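The structure appears below as structure tokens.
Just so you know, all these numbers are worked out from the coordinates, no wet-lab data involved. All values reported here derive from a predicted model rather than from experimental measurement.
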Amino acid sequence: MRGTYYQGTGRRKCATARVRLYADDEPGHMIVNGKPAEEYFSRPGDLDWIAQPLHATGLVGKFSISIKVKGGGSSGQADAVRHGIARALLRSDAELRAALRKGGFITRDARVKERKKPGLKRARKAPQYTKR
């Protein structure tokens, strides 16, 4: 059984990530839905994007991270994990708030897909106008 942890929930679009930071395990491991993070997030740059809160606070390699993420696509999931890591770091040490706030990691990105409107093809695209 793993020891104490700090939990944070991150959200972006339709994706939700539950992040747990373990301080007592061998640090540096990141597991996402039972797979290593390098295997789960295969797009280049996603792992760098996810680790930004850790770099901003200087805590890279200090925690073992367990993540459960569902919903959305790969980009939304990566953003949700990033938000969850920032919130979990905030729980671990409240003095990190200034550094996390400066990097914009605490603020939830509220942009979601706009709904389709009647009479239009998509949210804003109208059918082509014909004069005759």
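A few notes on this one:
- The mean sequence distance of close C-alpha pairs (under 8 Å, at least 6 residues apart), as a share of the length of the stretch 5-102, puts its relative contact order at 44 percent.
- Alpha carbon convex hull of the stretch 26-66, volume per residue in cubic angstrom: 60
- One chain, two ends: residue 107 and residue 125. Fully extended at 0.36 nm per residue, the span grows by 3.5 nm beyond their Cα-Cα distance.
- Counting only residues at least eight positions apart within a chain, or on another chain, the lysines with an alpha carbon under 23 Å from that of residue 125 are 13, 113, 116, 117.
- Kirkwood analysis of the Cα pair distances in the chain returns a hydrodynamic radius of 16.0 Å.
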